[in-house]
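**Student:** The following block contains the structure, expressed as structure tokens.
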Amino acid sequence: MGPSDASGPRDTQALLSTAPTMEIHVERPLLNQEQLEQLGHWGPAPRTYQWRTWFQCSRSRAHGLLLKYLPVLGWLPHYRVREWLLGDLLSGLSVAIMQLPQGLAYALLAGLPPVFGLYSSFYPVFVYFLFGTSRHISVGTFAIMSVMVGSLTESMVPEEDVQQGLNSTVENSTSSDHVQQATQNARVELAFTLSVLVGLFQVALGLVQFGFVVTYLSEPLVRGYTTAASIQVLVSQLKYVFGLQLGRSRSGPLSLVKTFVEVCRKLPETVVGTMVTAIVAGVALLMVKILNDKLHQHLPLPIPGELLTLIVATGISYGVNLNKTFGVDIVGTIPAGLVPPKAPNPQLFARLVGNAFAIAVVGFAIAISLGKIFALRHGYRVDSNQCFPVSCSMSRSLVQETTGGNTQVAGAVSSLFILIIILKLGELFQDLPKAVLAAIILVNLKGMLKQFADIWSLWKANRLDLLIWLVTFVATILLDLDLGLAVAIGFSLLLVVVRTQLPRYSILGQVPDTDIYRDVAEYSEAKEVPGVKVFRSSATLYFANAELYSDALKQRCGVDVEHLLAQKKKRLRRQERRLKRQQKEQQKQQQKQQRKAKQAASPNGTSISVAVDASLGDLKGRDVEDSRAKVSPANAQEDVAAGGQEEARAPEASTLKALGLPRPDFHSLVLDLGALSFVDTVCIKSLKNIFRDFREIEVEVYIAACHSPVVTQLEAGHFFDASITKQHVFVSVHDAVTFALQHSRSGPSSPVLATKL
């Protein structure tokens, strides 16, 4: 950052501090969702079906597909020879100088002859020149990928099994050289079969657009994983540093711990010459790297410490004969020329499929993560769905960028230098001690081992990210690289779910003289609007946290809704039973009155008079009817009056105040749903229940700040009905609060009437 860049933020802060306070007055009508849709002429967005384009055939589409899958045709015709060629040549030479020792060393890490490291430094780089989209990553051998392959080759093809197999077919015991050669051949067959499977997986993942998976590999996960992998690499190289002969190679859970324990147990068998060679080479490399770091601004190219160490160590080993004199293990025969291709062994596919998928995902994740870093830095785009034949090295990629590399031409140049070494110069390194290659590997782990500093920085920045880092690291150390990655991804996704279940719930208050609402626990000047509760969650609402949302809402509002509803129902049932008893008593009284009226209208001699004189009986019968007529209208009027009074008292009698229950200290509830990105059926049911429960305790509910897609999903889920309409949804919290204050119920009224806006 230059001086002008550093002064930019300070100038901005000074300008803001001295600028006069500006007041903005905006006048607009209070808007709910229904009015907003009418004002803005809302209509559903046109849907696009991506799959329809897959079946379209045109010249432009064919040209686009050709450039997509063969991107070299897109950038190479526009290559700026005068501006870029010199930088790409120097960068390619610098990377090739690093690629040579690292290729030899990482082949040792993979349990293969060193020449195969050179093959891996030539073929993939040239292929990536044609098919790759990143201009700066250095494709080829990489420590983590090599150790994953090495753990597989050494565990599936142990030298002891090969020796037993040879002894069973040959009468006399075979020589150690013969056993070693047979072991290498078996491991090479296993390795290139594994490579074919990894390549098939990556091509398939690219065709099905699997590039999105990189979004689930967070930076703490990747850094924790690479740190654990560096420990795996370090332990795997201890046998070469001390010159130890370990037993059967291990893989799977706790394999790293068992290997480390075996190394410690065999330390008394250390070959002193091998250990001294490794220490001297390691110290020399560290000194050169420190010198490069201090003088990088003054050097046109970094000092090739690894290449110089390789040349000097090979010369000393050849001159002193370290192998025979001090028992230092050397690389051995390096064949010149390229090996003709061979078909993979399909019988091994079933045994390798799980490991191949894990290696494909890890290699892809590392390559695309590093590629995106350089793409953002230099302003171009990397296609995450282009297949990556192998992974890339962070150290070589940085060298390729800092030495002036501009395009994939730098990688092509480095691959040509490696080709020359394979054809003519590879055999010169036959006397190179393996301890020197182990030292090169361990020194190159310095950058990844520095990632232990992430623990302190993440502790201060984000402890959940620190938890991801630690779980990834421990799982990879204890369970091996493939299972460790699976556990890390699973834990990371689980933590995302847990985070949505533990959001921050807030009661919002209005910042004075503004339409802004903030958490009253954080902003001391933010005050709750009297009579209105505004509730907000920091996470989206869906099936995993819908119940937690409802519980937190009722808790923050300070109202025990369930208890209040239970008491209300209990008292309503009690009131209903009391009314029924009163009605029964009234009916009994009416029946008594009717019986008394009958007795008063017909004395004891009624039946005799009827028998003696019919006319008198008719007259008395009319008198009885008249008396009944006189009694019935009065009783009817009393019944109607009583019924009318009961009907008039019914709504009032069902209110909390009439039932003797405490009313909440607010009349309106506003749900700020601005954090919602989607809703599901559980969310819709939960919101409906909130509306129902709070209305039962005489609190009207409103929704605010809902995004248009969420409103559409609510409508599709039949959230809106006669009692909940879009008039309950407002464009902002302030609109909802203002409406609630204007339409607050001054007294108890029917809950049904209160919902009609």
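The values are calculated or read from the model by the stated rules, or taken from the named source; none is laboratory data. Bear in mind that the values here come from a model prediction, so they are computed numbers and not experimental data. Every residue, glycine as well, gets a Cβ built from its backbone with ideal geometry; the counts of neighbours run over all protein chains shown. We work out accessible area using only protein heavy atoms, side chains counted, and drop any ligands, DNA or RNA first. Shrake-Rupley method; radii C 1.70, N 1.55, O 1.52, S 1.80 Å.
**Student:** In whole percent, and with a 1.4 Å probe on the protein chains, what portion of the accessible area of segment 661-722 is carbon and sulfur?
**Tutor:** 58
**Student:** I would also like to ask the following. If ligands, DNA and RNA are left out, what is the accessible area of K596 with a 1.4 Å probe, given in Å² to the nearest 10?
**Tutor:** 140
**Student:** Ignoring any ligand, DNA or RNA, what whole percent of the accessible area of segment 219-329 comes from carbon and sulfur when the probe is 1.4 angstrom?
**Tutor:** 67
**Student:** What does the C-alpha gyration tensor say about the overall shape of segment 238-359? Classify as rounded when a/c is under 1.5, otherwise prolate if a/b is larger than b/c, or oblate. Spell out each step's value before the answer.
**Tutor:** Values: a/c = 1.60, a/b = 1.32, b/c = 1.21.
Prolate, since a/c reaches 1.5 and a/b exceeds b/c.
**Student:** Ranked highest first by the average count of other Cβ atoms within 10 Å around their residues, in what order do 92-102, 343-353 fall?
**Tutor:** 92-102, 343-353
**Student:** Here's another thing I want to ask about it. Just tell me which lysines come within less than 24 Å, Cα to Cα, of K588; anything on the same chain fewer than 8 places away is out.
**Tutor:** K580, K596, K598, K630
**Student:** Continuing with the same structure: So how much accessible area does S58 have, in Å² to the nearest 10, using a 1.4 Å probe?
**Tutor:** Near enough 50 Å² of accessible area.
**Student:** Could you sort L310, L449 by accessible area so the largest value comes first, with the probe set to 1.4 Å?
**Tutor:** Sorted by accessible area, descending: L449, L310.
**Student:** For segment 721-736, what does the Karplus curve 6.51 cos²θ - 1.76 cosθ + 1.60, with θ = phi - 60°, yield as ³J(HN,Hα) per residue in whole Hz, taken in order and with x for Gly and Pro?
**Tutor:** 8, 5, 8, 10, 10, 5, 6, 8, 10, 10, 6, 8, 5, 5, 4, 5
**Student:** Using a cut-off of 15 Å between beta-carbons, work out the net charge of the residues near T314 (Lys and Arg +1, Asp and Glu -1, T314 not included).
**Tutor:** -3
**Student:** Using the Cα gyration tensor of segment 434-483, with a ≥ b ≥ c the square roots of its eigenvalues, what is the shape: rounded (a/c below 1.5), prolate (a/b larger than b/c) or oblate (neither)? Please report the intermediate quantities before stating the final value.
**Tutor:** Working: a/c = 5.16, a/b = 1.66, b/c = 3.10.
Because a/c hits 1.5 or more and a/b fails to exceed b/c, segment 434-483 counts as oblate.
**Student:** Considering only protein heavy atoms, with the full assembly of protein chains and a 1.4 angstrom probe, order R571, R28, R59, R695 by accessible area, largest first.
**Tutor:** R59, R28, R571, R695
**Student:** Could you report the accessible area of T325 in Å², rounded to 10, computed with a 1.4 Å probe on the protein chains as they sit in the structure?
**Tutor:** Approximately 80 Å² of T325 is accessible to the 1.4 Å probe.
**Student:** When Lys and Arg each count +1 and Asp and Glu each count -1, what net charge do the other residues less than 12 Å away from S732, Cβ to Cβ, add up to? Don't skip to the end; give the middle numbers.
**Tutor:** Numbers: positive: R28; negative: D515, D672, D735.
Every neighbour counted, the sum reads -2.
**Student:** How many Å² of accessible area per residue for segment 231-286, probe 1.4 Å?
**Tutor:** 50
**Student:** I've got another one for you. Using a simple charge model, +1 on the beta-carbon of Lys and Arg, -1 on the beta-carbon of Asp and Glu, nothing else, what dipole does segment 493-537 show about its Cα centre, in debye to the nearest 20?
**Tutor:** 300
**Student:** By average Cβ neighbour count within 10 Å, what is the ranking of 662-670, 522-530 from highest down?
**Tutor:** Output ranking for 662-670, 522-530: 662-670, 522-530.
**Student:** Once label points are set 7 Å from the Cα along Cα→Cβ at both D293 and R28, what is their separation, rounded to one decimal in nm?
**Tutor:** Between D293 and R28, the simple spin-label model gives 5.5 nm.
**Student:** Show M287, M145, M275 ordered by accessible area, largest first, where the area counts protein heavy atoms only and the probe is 1.4 Å.
**Tutor:** From most exposed to least exposed: M287, M275, M145.
**Student:** How much net charge surrounds V147 when only other residues with a Cβ under 12 Å from its Cβ are counted (Lys, Arg +1; Asp, Glu -1)? Write out the running numbers ahead of the final one.
**Tutor:** On the way: positive: none; negative: E154, D480, D482.
Net of charged neighbours comes to -3.
**Student:** Now for a separate question. What shape does segment 507-566 take by its C-alpha gyration tensor, where a ≥ b ≥ c are the square roots of the eigenvalues and a/c under 1.5 counts as rounded, a/b above b/c as prolate, and the rest as oblate?
**Tutor:** Taking the square roots of the gyration eigenvalues as a ≥ b ≥ c, segment 507-566 is oblate.
**Student:** Continuing with the same structure: Count of lysine pairs in segment 433-533 with Cα atoms under 28 Å apart, counting only pairs 8 or more residues apart in sequence or on different chains?
**Tutor:** Lysine pairs meeting both conditions in segment 433-533 amount to 4.
**Student:** Still on this structure, I have one more. Accessible area per residue for segment 80-144 in Å², computed with a 1.4 Å probe and the full protein assembly in place, what is it?
**Tutor:** 32
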